[in-house]
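Structure first, commentary second.
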Amino acid sequence: MFYGPGDLRLEDIEPQSAGPGEVRVEIHAAATCGTDLKSYRRGHPTLFPVLPARFGHEFAGNVIEIGEGVTKFAVGDRVVAANTCPCGSCWACTIGEETLCENLSYLNGGFAEEIVIPANIVARNTYKIPESLPFEAAAPLEPLSTVVHGMAMSGIKLGDTVVVNGAGPIGQMYIRLAQLRGASVISADMSPGRLAQAAAAGAVETVDLAGIDSIEEKAAAIRAVTPYGRGADVAIEAVGLPEVWEQTWRCLRPGGTAVMFGGPKAGSMMTVDAVAMHYKEYKILGVYHHAPRYVQIAVHLLSTGKFDGMTLCSEVRPLEALVASLEDMSNGIGSKYILKP
Ligand SMILES: [Zn+2]
Ligand SMILES: [Zn+2]
């Protein structure tokens with residue numbers, strides 16, 4: 001249970017049962033997320049409007065109870081679920097912009113022995129997974145779905161040069177998915193450990209930005225390893241800091257596309273050279289969250305092994321290690337832990 005910044009407690013709570021349209025899932029694996037760390041440190045009014053709240057949103061398990069009217073699932077099914085489902089009836093959903101749905105409510109409670117999945121998510125955003133896919137590899141469905149959304153927005157195509165700024169779990173996912181599209185990926189980060197992981201994930205070049213002071217000098221070091229020094233066809237921001245947002249558009253070739261993915265903190269501003277943006281026709285895109293069409297693709301990538309979720313996992317630990325794992329993430333010891341109740 002999350003009581004507020006810095007206050008997470010392991011508690012016994014009343015078991016819930018599955019109401020109409022709902023399913024109850026026994027959780028076998030739950031993944032920590034950068035968003036969990038952010039929430040633990042400073043709270044997160046969008047995800048946790050009411051406190052105390054259950055915590056964690058990346059999980060996989062098997063169905064142990066089905067509510068009245070549920071026909072898609074049966075007891076024993078191995079499943080994953082997204083943490084939201086668009087309402088389908090607000091203006092954003094009506095014009096096909098489901099990631100901007102005005103009525104998203106976020107499912108929390110992955111760090112637990114059981115969870116009841118609400119009827120709207122059961123109906124449209126819960127998926128069976130095959131025996132061949134371990135629960136531990138399936139748990140990071142939510143971030144993979146958001147990266148699939150970013151890939152859809154990016155327009156990355158065969159032969160492109162893609163710069164991924166940030167080599168944490170999100171950066172690693174972009175590196176792999178951009179390669180599946182036939183792109184050559186350059187990974188930039190300040191940590192030699194993360195850059196080694198990026199190289200193992202298939203980045204053709206890694207750029208260590210440690211010790212470079214200015215944003216433009218960092219971008220110049222990245223552009224220098226693109227073909228003819230021209231810049232990236234597509235550059236991805238996978239950190240969530242305004243200075244990295246700025247570094248990202250500065251990596252582009254003329255006509256290139258910047259995908260701003262990492263969530264900065266409230267009040268963050270970014271500077272863009274309006275003259276360069278005009279004459280060089282930069283395209284700068286914000287990307288947030290996921291929608292069922294992207295989650296479906298993520299489930300397919302995981303189920304077929306095209307994307308191996310285990311490659312993101314720093315270590316598998318017992319559920320009791322949640323706070324210690326968030327502290328380790330905070331200290332740069334690991335980037336994503338799979339917790340098992
Ligand atoms: Zn997450
Ligand atoms: Zn909606």
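The values are calculated or read from the model by the stated rules, or taken from the named source; none is laboratory data. Source: prediction; values computed, not measured. Methodologically, a virtual Cβ is constructed for each residue, glycine included, from the backbone with ideal geometry; neighbour enumeration extends over all protein chains shown.
Listed conditions (1) in contact with a helix residue (DSSP H, G or I) (Cβ under 6 Å, 6 or more places away or on another chain); (2) free of Cβ contacts under 8 Å to residues at least 60 places away in the same chain; (3) within 16 Å of ligand 2 (Cβ to nearest atom) are all met by ALA82, apart from (2).
So which residues in the stretch 26-84 are among the aromatic types (Phe, Trp, Tyr) and at pLDDT below 95, if there are any at all? Before the answer, list the steps.
Start the filter on the stretch 26-84 by keeping residues that are among the aromatic types (Phe, Trp, Tyr), which leaves 40, 48, 55, 59, 73.
Scanning the stretch 26-84 gives a single hit, PHE48.
Taking the criterion of being more than 18 Å from the chain's Cα centre (by Cα) and either assigned to a helix (DSSP H, G or I) or on the phi < 0 side of the Ramachandran plot (or both), the residues of the stretch 157-187 that qualify are LYS157, LEU158, ASP160, THR161, VAL162, ARG181, ALA183, SER184, VAL185, ILE186.
Can HIS44 be described as surrounded by 15 or more Cβ atoms within 10 Å (Cβ to Cβ), free of Cβ contacts under 8 Å to residues at least 12 places away in the same chain and more than 16 Å from ligand 2 (Cβ to nearest atom)?
On the way: surrounded by 15 or more Cβ atoms within 10 Å (Cβ to Cβ): yes; free of Cβ contacts under 8 Å to residues at least 12 places away in the same chain: yes; more than 16 Å from ligand 2 (Cβ to nearest atom): yes.
When the stated conditions are applied, HIS44 passes them.
Screening the candidates THR126, THR99 for the property of being within 16 Å of ligand 1 (Cβ to nearest atom) and in the same structural domain as VAL25 (by TED's automatic domain parsing) yields one hit, THR99. Does the stretch 70-84 contain any residue that is in contact with a strand residue (DSSP E or B) (Cβ under 6 Å, 6 or more places away or on another chain), more than 22 Å from MET329 (Cα to Cα) and among the polar types (S, T, N, Q)? For the stretch 70-84, residues in contact with a strand residue (DSSP E or B) (Cβ under 6 Å, 6 or more places away or on another chain), more than 22 Å from MET329 (Cα to Cα) and among the polar types (S, T, N, Q): absent. At least 2 residues being in contact with a Cys (Cβ under 6 Å, 6 or more places away or on another chain) and assigned by TED's automatic domain parsing to the domain that holds ALA152 is the threshold, and among the strands (runs of 3 or more DSSP E) wholly inside the stretch 205-299 those reaching it are 232-237. Of the residues ILE170, ILE115, the single one that is within 16 Å of ligand 1 (Cβ to nearest atom), outside the structural domain of SER191 (by TED's automatic domain parsing) and not small (Gly, Ala, Ser) is ILE115.
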